[in-house]
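The values are calculated or read from the model by the stated rules, or taken from the named source; none is laboratory data. Note that the structure is a prediction, hence the values are computed from the model and not measured. Cβ: placed from backbone, ideal geometry, glycine included. Neighbour counts: every protein chain shown. When the accessible area is computed, the model is the full protein with side chains, heavy atoms only, and any ligands, DNA or RNA have been set aside. Shrake-Rupley method; radii C 1.70, N 1.55, O 1.52, S 1.80 Å.
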Amino acid sequence: MFRKRMVWVGVAGVAWLAGAVAGLGAEWYQFRGPTADGQAGSARLPLNWSRTENIVWRQEIPGKGWSSPVLSQGRIYVTTAVPQGNNGDHSLRALCLEAATGKVLWDVEVFHQDGATAPRIHPKNSHASPTPVVESGEVFVHFGHMGTACLDAQTGRCLWRQQSLRYQPVHGNGGSPVLVGRHLIFCIDGADQQLVVALDRRDGSIAWRTPRNARPKKPFSFCTPTLITVQGRQQLICPGSDVVMALDPATGQEIWRVRYEGYSVVPRPVYAHGLVFLSTGYDSPLLYAIRPDGRRDVTNTHVVWMSKKAVPRNASPLVVGDYLYLASDDGQVTCLEARNGREVWSERVGRAFSASPIHASGRLYFCDEEGVTIVLKAGNTFEELARNRLPERILASPAVDGDALILRTEKAIYRIAETTASRH
C-alpha cells in the first residue's frame, strides 16, 4: 500500500536506489524534455508497473497543480497551488524533490493569489499549470497573470520577481515559458491582450514584447513556444488564437505568420522533416504542416498539408522517424506519415488524453486522464505493448530521468523504474 509520504518496493527498491544517482541521464529541464518534443532517446523505461511493481517511490504534493515535472542535477521541480482558508485564496508555490528518493528538499511560496480576484479555471486546469524551466542553477517559475519568478535551484531563495505584466486570463493560465539565451519567453493570450513577451533572465526586466495583431473572436490560448533553427537562423514558433507567429527570439521581430480559425490553443508545436506541426485548438481542430522558410504572411504559400481526423486539442504531437503521432481528447491515437499527412493507422486506446506523449527506445508512452499509461510500439503497424494504471488522474506530461519515468498525478509524483527483481 502507498504511504502518505513515499513507498519503497521492498529490497528491489533499495537495490535500485544504490545506483540511482550514477544512472541519472540527460536533464529534462523544460516542458517535453531537452529537445522540447517528448524524445527520451535510448532510455530503457519500464514496460510494466503497478501498485506493487516498479514503483521506486511516491511523494504526495500539497494542493493542486498540473505543471509537468522538470529535472536537473538529481532534483525534480514542480509548482502547485495550495488553498488558504475558505475564501478562495491560494499560496502559489514551488517545490524541489530529491530525484533518487522523492524527499522534499524545499517548498517555498512564490506568490499569494487573492480569492476575490482569482480567475475561474477550467475543470482541467489549475492555478499552477505552466511548467518550470531549470538551467544553470536557476529555476524559472511562471504563474501567468500572477507573475514570473527566478529561484535559486539549491535553496529556493527568490532571486527576482516580475509582476507588471497583468492581463485577464480566461479559464486560468497554462502556457509554459522557454529559455533562449539571455531571454525567458512566454505567450500572453488573455481576454484583453495577446502578445509574446521576453524577460531578461538576469533580473526579470522586460526585454521585448510583440503583439499578435490577429483580433480573434475568442482570443484566449495556452500554448508554449517552440524554438527551431531554419537556414541557420533561430525562430520561435508561437501559436495563439487564429494565428501562429514565428519570431526572432533575440529581438521579437516577426519573421512569418499563418492565419487559421481556432482558439484555446494548447498543444506545443513540433518540428521535423523541415515542417512545423501544430494544432489549431478548439472548436474543430486542424493539424497544420507548415514550411517555415517564408517571410510575412505565408498562409497561402507555405501550408504543405492539413488533417482534421482525431486532431488533439490538448496533447502535443510526437514525431518518431517518418511518422507523426496524435493523441486526441477522446482517446484516439493516430499515426500519419509526417511528410504528407497520409493516415497509417488510427485506434481508440484510452478515455481522453491531455498529457503529451513521449518516445523512448522505440516505445510510445501515452498517459490518459484516468491514470492509465498505454505503451505502443513505434512504427507503421499498431501494436499495444502494455497498459498500466495508477490510482489517480493524470493531466501533466511525463518526464524522464535516466531509465526512470517520472509521472505526476493529481495527488503525487511517482518514480517508476525497472528494478533488479523485475529484470529476472
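Return a yes/no flag: does the stretch 288-297 have any residue that is under 18 Å from the mean Cα position of the chain (by Cα), β-branched (Val, Ile, Thr) and more than 25 Å from residue 167 (Cβ to Cβ).
no
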- prompt: Failed condition for residue 102, given (1) at positive phi; (2) more than 22 Å from the chain's Cα centre (by Cα), with all others met?
  reply: (2)
task: Mind listing whichever residues of the stretch 374-399 are surrounded by 17 or more Cβ atoms within 10 Å (Cβ to Cβ) and among the aromatic types (Phe, Trp, Tyr)?
output: none
Flag for residue 350 being touching a strand residue (DSSP E or B) at 6+ places or on another chain (Cβ under 8 Å), at positive phi and open to solvent by less than 20 Å² (accessible area, probe 1.4 Å): no
query: Of all residues in the stretch 25-61 being open to solvent by 50 Å² or more (accessible area, probe 1.4 Å) and not in a loop (DSSP other than H, G, I, E, B), which is farthest from residue 412 (Cα to Cα)?
result: 53
message: Six or more apart or on different chains, Cβ atoms under 6 Å: show the pairs whose first residue is in the stretch 361-375 and among the aliphatic types (A, V, I, L, M) and whose second is outside any loop (DSSP other than H, G, I, E, B) and open to solvent by less than 10 Å² (accessible area, probe 1.4 Å).
response: 364/376; 374/366; 375/365; 375/386
- request: State which residue is most open to solvent (accessible area, probe 1.4 Å) when the search covers only the stretch 105-117 and only residues that are part of a strand (DSSP E or B) and among the acidic types (Asp, Glu).
  value: 109
- request: Evaluate the following for residue 168: is it touching a residue at least 24 places away in the same chain (Cβ under 8 Å), farther than 24 Å from residue 65 by Cα and not hydroxyl-bearing (Ser, Thr, Tyr)?
  value: no
- request: Could you look through the stretch 183-232, keep only residues that are of a type in the set (Lys, Arg) and out of contact with any strand residue (DSSP E or B) (no Cβ under 6 Å at 6 or more places or on another chain), and pick out the one that is least open to solvent (accessible area, probe 1.4 Å)?
  value: 202
query: Of all residues in the stretch 304-352, which are among the small types (Gly, Ala, Ser) and either under 24 Å from residue 387 (Cβ atoms) or assigned to a loop (DSSP other than H, G, I, E, B) (or both)?
result: 310, 315, 316, 321, 327, 328, 331, 338, 341, 346, 350, 352
task: List every residue pair whose Cβ atoms lie under 9 Å apart, where the two residues are 6 or more positions apart in sequence or sit on different chains, the first residue falls within the stretch 289-318 and is exposed (fewer than 15 other Cβ atoms within 10 Å of the Cβ), and the second residue, located anywhere, is charged (D, E, K, R).
output: 296/254; 296/257; 297/257; 297/259; 301/291; 309/343
query: Pick from the stretch 72-84 the residues that are open to solvent by 10 Å² or more (accessible area, probe 1.4 Å) and touching a residue at least 24 places away in the same chain (Cβ under 8 Å): which of them is nearest to residue 115 (Cα to Cα)?
result: 84
statement: Expected single match for under 18 Å from residue 178 (Cα atoms) and in contact with a strand residue (DSSP E or B) (Cβ under 9 Å, 6 or more places away or on another chain) among 243, 304, 276 is 276
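Okay, residues lined up against (1) touching a residue at least 24 places away in the same chain (Cβ under 8 Å); (2) among the aliphatic types (A, V, I, L, M); (3) in contact with a Ser or Thr (Cβ under 7 Å, 6 or more places away or on another chain); (4) not in a loop (DSSP other than H, G, I, E, B):
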position	(1), (2), (3), (4)
219	yes, no, yes, no
227	yes, yes, no, yes
237	yes, yes, yes, yes
250	yes, yes, no, no
257	yes, no, no, yes
271	yes, no, yes, yes
277	yes, no, no, yes
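Rundown of residues vs (1) modelled with pLDDT of 95 or more; (2) outside any loop (DSSP other than H, G, I, E, B); (3) under 15 Å from residue 221 (Cα atoms); (4) open to solvent by 60 Å² or more (accessible area, probe 1.4 Å), yes/no style:
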site: 119; (1), (2), (3), (4): no, no, yes, no
site: 123; (1), (2), (3), (4): no, no, no, yes
site: 131; (1), (2), (3), (4): yes, no, no, no
site: 134; (1), (2), (3), (4): yes, yes, no, no
site: 141; (1), (2), (3), (4): yes, yes, no, no
site: 150; (1), (2), (3), (4): yes, yes, no, no
site: 155; (1), (2), (3), (4): yes, no, no, yes
site: 159; (1), (2), (3), (4): yes, yes, no, yes
site: 166; (1), (2), (3), (4): no, no, no, yes
- request: Write out, first by first residue and then by second, each pair whose Cβ atoms fall under 7 Å of each other, whose residues are 6+ apart or on separate chains, and whose first residue, in the stretch 328-342, is free of Cβ contacts under 8 Å to residues at least 24 places away in the same chain while the second is of a type outside the set (Val, Ile, Thr).
  value: 330/352; 332/310; 332/346; 332/348; 337/322; 337/323; 342/336
- prompt: Is it fair to say residue 371 is open to solvent by 20 Å² or more (accessible area, probe 1.4 Å), in contact with a Lys or Arg (Cβ under 7 Å, 6 or more places away or on another chain) and on the phi > 0 side of the Ramachandran plot?
  reply: no
query: When you scan the stretch 201-216, how many residues do you find that are modelled with pLDDT of 95 or more and assigned to a loop (DSSP other than H, G, I, E, B)?
result: 9
task: For the stretch 365-379, name all the residues that are part of a strand (DSSP E or B), under 19 Å from residue 393 (Cα atoms) and of a type outside the set (Ser, Thr, Tyr).
output: 366, 367, 368, 372, 374, 375
